[in-house]
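Data first, discussion second: the structure below is written as structure tokens.
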Amino acid sequence: STGASMTANDDTVTQGRWICIGGLAIQLVFLTSYVILVTLVLRDPRYIVLEGDKDGIGKGSKKHILWTVHATTALIYIRSVYRLIEFIDGYGGKIYSAEWAFYVFDCVMILLAFIVYI
């Protein structure tokens, strides 16, 4: 939020823009790391989703939760990539001025992320 507030001031707009870009890039690095770790864990036979007597949750419910988390992560990842590209392109760029891109890659991604949990 520091970078975004700095973009409102003409004296610090460039510095604020680069802080936002750096923050979004770091977010994507950690989100990518999360996806890689989850993929490695889920491929490990020790972590196979089994129906357990102790937790009272069936195998189908566990898989549904896992797919919900994966879908949400993918949608947020798409949105984060869009936002990074938007900031790199700048306020006067083609992406920033294309309203349809904002609705598709920002609003729709978040809306779908909410709908997945319903």
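The values are calculated or read from the model by the stated rules, or taken from the named source; none is laboratory data. Worth saying up front: this structure is predicted, and the values here are computed from it rather than measured. Methodologically, a virtual Cβ is constructed for each residue, glycine included, from the backbone with ideal geometry; neighbour enumeration extends over all protein chains shown.
What the table below lists for this structure:
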read-out: Neighbours by Cβ (under 6 Å, 6+ apart or cross-chain): first from segment 92-111, touching a residue at least 24 places away in the same chain (Cβ under 8 Å); second surrounded by 11 or more Cβ atoms within 10 Å (Cβ to Cβ) and part of a helix (DSSP H, G or I); value: PHE105/TYR82; ASP106/ARG79; MET109/LEU75; MET109/ILE78; MET109/ARG79
read-out: Long-range neighbours under 6 Å by Cβ, at least six apart or interchain, first residue farther than 13 Å from ILE110 by Cα within segment 62-74, second at pLDDT below 85 and among the aliphatic types (A, V, I, L, M); value: LYS62/VAL49; LYS63/VAL49
read-out: Residue match in segment 34-50 (condition: under 25 Å from the mean Cα position of the chain (by Cα), of a type in the set (S, T, N, Q), on the phi < 0 side of the Ramachandran plot and at pLDDT below 90); value: yes
read-out: Some residue of segment 4-15 being over 19 Å from the mean Cα position of the chain (by Cα) and at pLDDT 80 or above; value: yes
